[in-house]
Amino acid sequence: MEEIFQYWFILKRRWFPTLSIFLVTMSIVAINIVQKQPIYQAKGRILFKKNHAASSVLNVEVRNQLESLTSNSVINTQAEIIKSLPLARKTIDALHLSQTPEGLAGSISVINIDSTDIIEVAYKSEDPDEATKITNMVMENYINDHIELQRAEIKAAGEFVAEQLPKIEQQVVQAEKELRNFKEQNNIINLNLETDSIANYLATLNQEKLLVVADLSAVSAKVSDLQQLFGATDLNMTLNIGIVSGSPGVQEAFTSLREIQEKLALEQTRFLDDHPTIIDLKSKKAALEAILQKRIQQASIGQEWGADQVVDMSPQSLQDSLLRDLAAAETERSSLEQKLIALRELEAIYQRRAAQVPQLEQQQRELERQLQVYQSTYEILLKRLQELRVTENQTIGNAQIIESATTPQNPIGSGKTADLIRGGILGILLGGAIAWVLESADKSMKSVEDVKKILSYPPLGNIPRFPQIKKTNEGFIFLPSSAENLHEHIPAIVTQDESCSSVTEAFRTLHTNIRFLNLDNQLKTCVVSSSIPREGKSTIVANLGTVMAQQGRQVLIVDADMRRPVQHNIWKISNEVGLSNVLTSQNEFHSAVVEVSQNLAVLPAGVIPPNPLVLLDSSQMAILMNMWTQHYDFVIFDSPPLNITADATILSKMVNGLLFVVKIDTVDSYQLNRAKEIMEQSELNILGLVINSIPVSDSGYEYYEYYQTKQKAGVRN
């Protein structure tokens, strides 16, 4: 809200250039409106249907009927395409128009008819035939481009598919090769049948193995029993006994020994042991035993055998039969053991194969699945390629003209009202822009807030703009004026001429604020100065002194501006004798001072000296200052501006303080900052600020004026 008020104040201050620009703009618009020709508008309509995605590689369908759209975003997109620059260039080339593509595109209007899939294309022109031709050509070019775009999409999709087919075919061949190599390397014909066959064969092997184990157990028991009959601990010993006993020499010696033993046993029944026959038989027996033992040693292999271990191996003997049974049983046992080993090895082989089958099946399935994917992709792409080639030749797009533009017979209007409104808005914007530019370029202080941003001294008074007073037979007439030229027309002592004005009340407020600045040590002297000339400081001095005098205080106004004095003009007194004459001892103070009203005296500047600064900084000035403070309640010095001379700085060191005047719309920020720098460097005692020439509406005294007017009217009635 504050910014809005700021803009309004800017327009108020810059009303003249703003109004001038506005009037010039409206004049130009009015001239154009008078010269403007009637406008004709040609319209055509285009119907949109749903895009059946003919360019989709994975879902191409050949259709002759278009489906309804479901989203307005598609229509909005197509509307922007109709207004695009390429389409405008084609229209210009086709009709040999002199317009620019940008101008033509900006003149084409495209409107989506609510709740339909129809858009309306329109063009305005002063020539109805031209409007019709341009509208129809724009729609025709759009339809042609739309169909070409659809076909280009399908063609691009077909080229992509044709490019991918050889790659997919190569992948199919490679996948088939990998599957074939896998089967060859692992001897695979049909893993499912092989799995069943292995399971059946393992069951058969297991059953056969159980039978062999049973037979082997029976044969092993038979062999063990036969070994025990021969008194051997193992099969090798039994077989060696059989080999030794079966030797012809051993068997012959064994037979002879057995005969001698039988004969000896018979003879011992007949004779005593010392009988020669017995002795002879014993001798023969010993000899035969030695021979038998020798022959046993010769027949045995790597083992010592005793004669008592030799058995009868005659073909008719039981030992021979048993030994043959043992040999046969041992042979059968050995055969069964070998068969069992072979069965176990074969079972292990098939078990290992069976353990490999799941992994082989997984690998085979992966290879087959990869091959199937490649084959399926190849078949799909091949089918899509054929469909795309058919669709490319049958594409008709998803837009069609349902209503061509016809030549309009009646104009739609000249657009004068709209141009007038646009001109008014443009004038306001241009005027506001000029006002803003002027305001930005103008660095002068425009409000109290602008002054406060630079100077932080307390504001003691806000003086409204002085009214210009014209004295007539009927009284005073107040006219707007500025303070700096007030004395050129009439005395600018408003506080004396009009005691009930807002200006007078502002000076009374200033006087009150000065009195309450320092209650403990009452102020008696002050210097009034400003940054630059024409800020109204002399008028401020005159009116402030008048208000103080009206309050019963003895006041002296000293015109210390001995370069461009003003006080003698304001009070209409002589300036032949003044401050300069008193300081140079040419005249006494009493002869130079002038009583201008009750309680108010004025000391003019006097003759302009060659160097006023020397006089102001003299001891005589200090003596006079001391005398004035004794005889007067308050002394006000009207001094030159701070930025021009050092007079005000010298005087400010002699008095209680400086009253600094700032005039709105006169001083700028640079000058004000310069004055601030001087005051800070000189360490002056600044009593406060007096803001001069504030509009009555901004100063807070607008209601006072209204109140005083009503009060006077009531008195007269």
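Quick notes
- The set of residues in the stretch 164-201 that are of a type in the set (A, V, I, L, M, F, W, C) and without any contact (Cβ under 8 Å) to a residue 40 or more places away in the chain comprises V173, I189, L193.
- For the stretch 189-197, the count of residues that are closer than 30 Å to Q356 by Cβ, β-branched (V, I, T) and modelled with pLDDT under 80 is nonzero.
- Residue within the stretch 43-61 that is small (G, A, S) and at pLDDT 80 or above present: yes
- Picking from residues in the stretch 385-408 that are among the small types (G, A, S) and at pLDDT 75 or above, the one that is nearest to A122 (Cα to Cα) is A405.
Residues checked against (1) surrounded by fewer than 16 Cβ atoms within 10 Å (Cβ to Cβ); (2) outside the structural domain of A342 (by TED's automatic domain parsing); (3) on the phi > 0 side of the Ramachandran plot:
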{"residue": "N136", "(1), (2), (3)": "no, yes, no"}
{"residue": "D145", "(1), (2), (3)": "no, yes, no"}
{"residue": "Q170", "(1), (2), (3)": "yes, yes, no"}
{"residue": "N181", "(1), (2), (3)": "yes, yes, no"}
{"residue": "T204", "(1), (2), (3)": "yes, no, no"}
{"residue": "E208", "(1), (2), (3)": "yes, no, no"}
{"residue": "A214", "(1), (2), (3)": "yes, no, no"}
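- Those residues of the stretch 634-650 which are over 14 Å from R674 (Cα atoms) and hydrophobic (A, V, I, L, M, F, W, C), in sequence order: F634, V635, I636, F637, A648, I650
- Filter result for K653 (in contact with a strand residue (DSSP E or B) (Cβ under 6 Å, 6 or more places away or on another chain), closer than 23 Å to R515 by Cα and among the basic types (K, R)): no
- The single condition from (1) modelled with pLDDT of 55 or more; (2) surrounded by fewer than 17 Cβ atoms within 10 Å (Cβ to Cβ); (3) within 24 Å of A506 (Cβ to Cβ) that S693 fails is (2).
- When S682, S699 are checked against the criterion of being modelled with pLDDT of 60 or more and of a type in the set (S, T, Y), a single residue qualifies: S682.
- For the stretch 488-524, residues that are over 60 Å from the mean Cα position of the chain (by Cα), at pLDDT 80 or above and under 14 Å from V541 (Cα atoms) total 10.
- Picking from residues in the stretch 543-578 that are among the charged types (D, E, K, R) and more than 20 Å from F634 (Cβ to Cβ), the one that is surrounded by the fewest Cβ atoms within 10 Å (Cβ to Cβ) is K572.
Yes or no, residue by residue, for (1) free of Cβ contacts under 8 Å to residues at least 40 places away in the same chain; (2) more than 22 Å from K446 (Cα to Cα):
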residue: D647; (1), (2): no, yes
residue: I650; (1), (2): yes, yes
residue: M654; (1), (2): no, yes
residue: L659; (1), (2): no, no
residue: K663; (1), (2): no, no
residue: L684; (1), (2): yes, yes
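- Looking at the stretch 538-641, the strands (runs of 3 or more DSSP E) lying wholly inside it that each contain 2 or more residues that are at pLDDT 95 or above, among the aromatic types (F, W, Y) and within 24 Å of N462 (Cα to Cα) sit at 634-638.
- Restricting attention to the stretch 509-522, the residues that are surrounded by fewer than 16 Cβ atoms within 10 Å (Cβ to Cβ) and of a type in the set (A, V, I, L, M) total 1.
- Of residues in the stretch 409-430 being assigned to a helix (DSSP H, G or I) and at pLDDT below 75, the one surrounded by the most Cβ atoms within 10 Å (Cβ to Cβ): D419
- Residue selection: N181 fails the criterion of being outside any helix (DSSP H, G or I) and more than 47 Å from the chain's Cα centre (by Cα).
- Residue list for the stretch 545-594, restricted to those being without any contact (Cβ under 8 Å) to a residue 40 or more places away in the chain and of a type in the set (F, W, Y): F589
The values are calculated or read from the model by the stated rules, or taken from the named source; none is laboratory data. Just so we're clear, the structure is a prediction, and the values are computed from it rather than from any experiment. All Cβ positions, glycine included, derive from the backbone under ideal geometry; neighbour counts span all protein chains shown.
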